[in-house]
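Chemist: My questions all concern the structure below.
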Amino acid sequence: MRHGDKNNNLSRTASHRKALLSNLACQLFQHKKIVTTLAKAKALRPYVEPLITKAKENTTHQRRIVFSYLQDKEAIKELFDVISPKIASRPGGYTRVIKLGKRAGDNAELGMIELVDYNEVYGKGAEGKEEATAKRTRRAGSRKKATAVKEPAPVEEKAATNEPLPEIKPEAQEEPLK
């Protein structure tokens with residue numbers, strides 16, 4: 001029985017799974033996004049996110065810990081030198097998994113896993129929408145509504161204007177259907 005066992009074994013032995021996740025993580029750090037099966041992408045997220053968190057603290061000790069997971073010097077350099085300064089202010093949630101549909105050959109669910117700060121489409125720099133709007137919460141809005149007294153807005157009437165109403169011609173209304 002597998003009660004409470006939440007990690008996906010991906011039908012592999014522990015050593016094979018460790019090698020697979022390590023290789024996927026190296027490719028993710030080098031290319032910033034990869035396309036793989038949805039199950040592998042979802043299994044990769046909890047593997048990669050703690051490594052990115054460790055990379056925020058650029059010390060020899062943290063580099064050695066991350067190297068024990070990845071075993072790739074180029075990926076370590078990319079992670080610590082390029083990626084970690086860009087994600088330094090982010091408190092978590094460094095990756096995003098997007099479903100892509102099914103693969104033509106074997107009908108497997110495909111997914112793209114990407115680093116959040118490297119996608120210009122979803123990022124803040126796309127159109128500046130997030131910078132312009134102020135952050136709102138439900139709590140703050142409900143307090144304002146409870147304390148604020150609403151006054152009815154002045155209603156403008158059409159009769160107050162001196163413009164004549166359009167005339168309706170009686171023959172246009174009662175035209176027979178053919």
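Nothing in this text is a laboratory measurement; each read-out follows from the coordinates by a stated rule. On a predicted model such as this, the values are computed, not experimentally measured, just so you know. Quick reminder, even Gly has a Cβ in these numbers, built from the backbone with ideal geometry, and neighbours come from all protein chains shown.
Chemist: Between residue 98 and residue 73, what length in nm is gained on full extension when 0.36 nm per residue of separation is reduced by their alpha carbon distance?
Modeler: 6.2 nm
Chemist: Of 6/73; 73/99; 40/77; 6/77; 33/77; 42/77, which ones are farther than 28 Å apart at the Cα?
Modeler: From the list (6/73; 73/99; 40/77; 6/77; 33/77; 42/77), the Cα-Cα distance tops 28 Å for 6/73; 73/99; 6/77.
Chemist: Between residue 35 and residue 81, what is the spin-label point distance in nm, taking each point 7 Å from the Cα along the Cα→C-beta axis?
Modeler: 3.0 nm
Chemist: Let me ask something additional. So which GluC sites (Glu not before Pro) in the range 47-103 end up in coil per DSSP with only 13 or fewer other C-beta atoms within 10 Å?
Modeler: Within the range 47-103, the qualifying GluC sites (Glu not before Pro) (loop, at most 13 other Cβ atoms within 10 Å) are 57.
Chemist: Give the value in nm², to one decimal: projected area of the alpha carbon convex hull of the range 14-122, averaged over all directions.
Modeler: Average projection, Cα convex hull of the range 14-122: 7.3 nm².
Chemist: So how much slack lies between residue 11 and residue 106, counting 0.36 nm per residue of separation and subtracting their Cα-Cα distance, in nm?
Modeler: Fully extending the segment from residue 11 to residue 106 adds 32.5 nm.
Chemist: What list do you get for 61, 16 if you sort them by fewest beta carbons within 10 Å? Don't skip to the answer; put the middle values down first.
Modeler: Working: 61 9, 16 12.
The fewest-first ordering by Cβ neighbours comes to 61, 16.
Chemist: Between residue 3 and residue 60, what FRET efficiency follows from the Cβ-Cβ distance if R0 is 35 Å, with the result rounded to 0.05?
Modeler: 0.30
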